[in-house]
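Have a look at the structure below before the remarks.
The values are calculated or read from the model by the stated rules, or taken from the named source; none is laboratory data. Fair warning: this is a prediction, and the values are worked out from it, not measured in the lab. A quick note on method: Cβ atoms are made from the backbone with ideal geometry, for glycine too, and the neighbour counts reach across all protein chains shown.
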Amino acid sequence: MSTPSSSAPPLFTECQPLLRHWWGLALLAPAITLGAALSVGTRHSILAMVGMLVLTSGFSLGLFGFLKLHTQLAADGVRVRFAPLQSEWRFTPWAQVRQAYVRTYAPLREYGGWGIRTFMGENEAYNAWGNQGLQLVLANGERLLIGTQHPAAIQQALSTLRIRGLQPEDAV
């Protein structure tokens, strides 16, 4: 996994925002709780609570509002990054991939949620939302799952690549 010096034009590109409409509402509950907890015992508790609510909500929404999962599939390999947290692409050349296929997964059960997730040092996931993803099984046994909202388009890109042994039915 490295950053390539030159990149082939992508056959598939996707940009997924981490913040969905319902996430904004979900972020308000912890902000209210935090604001209430920090304002207890203060002289101006109502004003402090409102100030903390605005501050923590603004920070949370601002941070999560800018996070985006970028994915590219090209003839030379797969690129993925969570911008702006990662300025460099994580690049996996097809030569290091033993299997690549689209699958349904359980983000909470398998990876503990969304974002950049590592489980047991061998399983890694980049996912923004949903339960569909591109599963890569690497030659060294590690697994990388990249979430997608366009599984059919990824499957088409994999078919277009025509790299032997990448589809699960061709796997050993």
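Go through the range 89-137 and report how many residues are among the hydroxyl-bearing types (Ser, Thr, Tyr) and touching a residue at least 40 places away in the same chain (Cβ under 8 Å). Going through the range 89-137 one residue at a time, the tally reaches 4. In this structure, is Trp23 modelled with pLDDT of 65 or more and buried (at least 16 other Cβ atoms within 10 Å of the Cβ)? No; evaluated as a whole, the condition is false for this residue. Looking only at residues in the range 126-172 that are at pLDDT below 90 and of a type in the set (A, V, I, L, M), the one that is surrounded by the fewest Cβ atoms within 10 Å (Cβ to Cβ) is Val172. Take Phe91 and decide whether it is outside any loop (DSSP other than H, G, I, E, B) and at pLDDT below 90. Considered against the rule, which asks whether it is outside any loop (DSSP other than H, G, I, E, B) and at pLDDT below 90, Phe91 comes out as no. If you go through the range 99-109 and keep only what is within 21 Å of Ala139 (Cα to Cα) and crowded, with 16+ Cβ neighbours inside 10 Å, you end up with Gln99, Ala100, Tyr101, Val102. Does Leu108 meet the test of being over 21 Å from Thr13 (Cβ atoms), under 15 Å from the mean Cα position of the chain (by Cα) and of a type outside the set (Asp, Glu)? The answer is yes for Leu108. For the range 123-153, name all the residues that are among the small types (Gly, Ala, Ser) and not in a loop (DSSP other than H, G, I, E, B). Those that are among the small types (Gly, Ala, Ser) and not in a loop (DSSP other than H, G, I, E, B): Ala125, Gly133, Gly147, Ala152, Ala153. Test Arg103 against the stated conditions and say whether it is among the charged types (D, E, K, R), assigned to a strand (DSSP E or B), modelled with pLDDT of 85 or more and more than 13 Å from Glu14 (Cβ to Cβ). For Arg103, the condition - among the charged types (D, E, K, R), assigned to a strand (DSSP E or B), modelled with pLDDT of 85 or more and more than 13 Å from Glu14 (Cβ to Cβ) - is met.
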